[in-house]
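Q: After the structure tokens below, expect a handful of questions from me.
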Amino acid sequence: MAHSLSSKKRIRQNEKRRFSNRVRRSQIKTQRRRFREAVTSGDLDAATTELKKTVKLVDRVSAKGALHKNAAARIKARMQLRLNELAAAKS
């Protein structure tokens, strides 16, 4: 149990940050699922728009510090690869 005022404050701050980071990571998961569904349905236009939304969200969450920048880059690269595979299959 924390005794000093500063350690109690740090606990309160960490709880707030943990909650907001959890929300942000959940948003990323939801958006990635929407992108995956668009790709599996074979709709190139929908997949492209979902990719743009997902990239924007991943960049924003990464800038806030809830996601490491290399992890964000890896997520974006893999999604772009799936979109490219879908585009190649369509043409």
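Any read-out appearing in this document is the output of simple, stated calculations on the displayed coordinates, not a laboratory observation. A quick note: this is a predicted structure, and the numbers were derived from the prediction, not measured. All Cβ positions, glycine included, derive from the backbone under ideal geometry; neighbour counts span all protein chains shown.
Q: Can you give the angle from 0 to 90° between the axis of helix 44-64 and the longest principal axis of the chain, with both taken from C-alpha atoms, to the nearest 10?
A: Result, in degrees: 20.
Q: So how do Arg33, Arg24, Arg82 line up by other beta-carbon neighbours within 10 Å, fewest first?
A: Arg33, Arg82, Arg24
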